[in-house]
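Accompanying notes for the structure given below.
The values are calculated or read from the model by the stated rules, or taken from the named source; none is laboratory data. The shown structure was predicted, so the numbers you read here are calculated from the model rather than taken from an experiment. A quick note on method: Cβ atoms are made from the backbone with ideal geometry, for glycine too, and the neighbour counts reach across all protein chains shown.
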Ligand code: FES
Ligand SMILES: [Fe+2]
């Protein structure tokens, strides 16, 4: 009993999720509606749609969408579908004065209203003013555009309290940042395997020698829930052993590391020296997720340090994690697997898996199974 009490930390669940949550296509379909279409999802960076008419298409679990800058300069996100007979409206990125459907040339204003439908004037009672593209809720946080497909969704400030002012404290120059490079990393695992792996450092010392000695100090690593955010903090590795030059004047927190994981699939991560990079998880079926690692510099200026750091990150931490998550997915498909107890330390700390329990709680709550 005593052991169980410690493990559960006052709550009933302290084992890993059953394997079917990572392998069953039917559960994945439920998650799409219960989680991915009801939570805040990254769309693009505002600098990618800087001018009126600029657009960029993207996809959330098979839902085609595009972000757009309208004539007044506002950022909008629409479902990428024509209201006539359903053709997709745009592909990739570009600039448009009007959005013209490639199928029968219906034309939409940049605010989504139908402007013209060829030959419709011959149709008695055809009223173009009643037709409009389907929009989604948008918020812009420090230049990062987020979308929520649930029209009733609470604002990001409710989901992720304290996020904006903490981010600004760690990255004072955040408004000037532009994405400079993105590495797309396909992983052959369920999105939760990858997200759970990202959100615990119990495995850091075993599998991430470069990150644990040349970037951060794993002994000080801590993860705390903050709304539906998991806030990671630690300090820089011994400065003499850092693998890149750290500008300690960049901010009051330049000697620290922090990340903010925004459930279910995005993370702002600040390396010592106030260097911002992000993780984006895009699930693609029950057993696959694409992870995008993006790096930023002020005004998008080239930076040898960022290029080297991004390369190092890809070759060490990311490659090490890909091997882990792919092996876990294979293991979860093994009929010999029984979900094991989580190592939940009541005092948190680097070797505790309390954050995994939190992620499991959020998933089960969303699925109505808690
Ligand atoms: S489906 Fe778009 S104009 Fe017909
Ligand atoms: Fe890892």
I'd like to verify a number: residues in the range 56-74 that are outside any strand (DSSP E or B) and more than 13 Å from residue 109 (Cβ to Cβ), how many? 3
Residue 196 vs (1) in contact with a helix residue (DSSP H, G or I) (Cβ under 8 Å, 6 or more places away or on another chain); (2) within 24 Å of residue 64 (Cβ to Cβ); (3) within 16 Å of ligand 2 (Cβ to nearest atom): all pass except (2)
Sole residue being within 24 Å of residue 61 (Cα to Cα), surrounded by fewer than 21 Cβ atoms within 10 Å (Cβ to Cβ) and touching a residue at least 12 places away in the same chain (Cβ under 8 Å), chosen from 253, 288: 288
Within the range 265-279, track down each residue that is touching a helix residue (DSSP H, G or I) at 6+ places or on another chain (Cβ under 8 Å) and touching a residue at least 40 places away in the same chain (Cβ under 8 Å). 265, 267, 268, 270, 271, 274, 276, 279
Would you list the strands (runs of 3 or more DSSP E) that sit entirely within the range 75-185 and hold 1 or more residues that are touching a residue at least 60 places away in the same chain (Cβ under 8 Å) and either under 20 Å from residue 44 (Cβ atoms) or touching a strand residue (DSSP E or B) at 6+ places or on another chain (Cβ under 6 Å) (or both)? 75-79, 135-141, 144-148
Look at residue 87 and say whether it is at pLDDT 95 or above and more than 32 Å from the chain's Cα centre (by Cα). no
Give the residue, chosen from 135, 214, that is away from ligand 1 (no atom under 16 Å from the Cβ), more than 18 Å from the chain's Cα centre (by Cα) and assigned by TED's automatic domain parsing to the domain that holds residue 50. 135
Select from the range 209-230 the residues that are away from ligand 2 (no atom under 16 Å from the Cβ) and touching a helix residue (DSSP H, G or I) at 6+ places or on another chain (Cβ under 8 Å) and list them in ascending order. 225, 226, 227, 228, 229
Given the criteria modelled with pLDDT of 95 or more, within 17 Å of the chain's Cα centre (by Cα) and either within 30 Å of residue 288 (Cα to Cα) or more than 16 Å from ligand 2 (Cβ to nearest atom) (or both), does residue 141 qualify? yes
Suppose the filter is within 12 Å of ligand 2 (Cβ to nearest atom), closer than 21 Å to residue 289 by Cα, in contact (Cβ under 8 Å) with a residue 40 or more places away in the chain and in a loop (DSSP other than H, G, I, E, B); does residue 201 pass it? yes
In this structure, is residue 57 free of Cβ contacts under 8 Å to residues at least 40 places away in the same chain, in contact with a helix residue (DSSP H, G or I) (Cβ under 8 Å, 6 or more places away or on another chain) and away from ligand 2 (no atom under 16 Å from the Cβ)? no
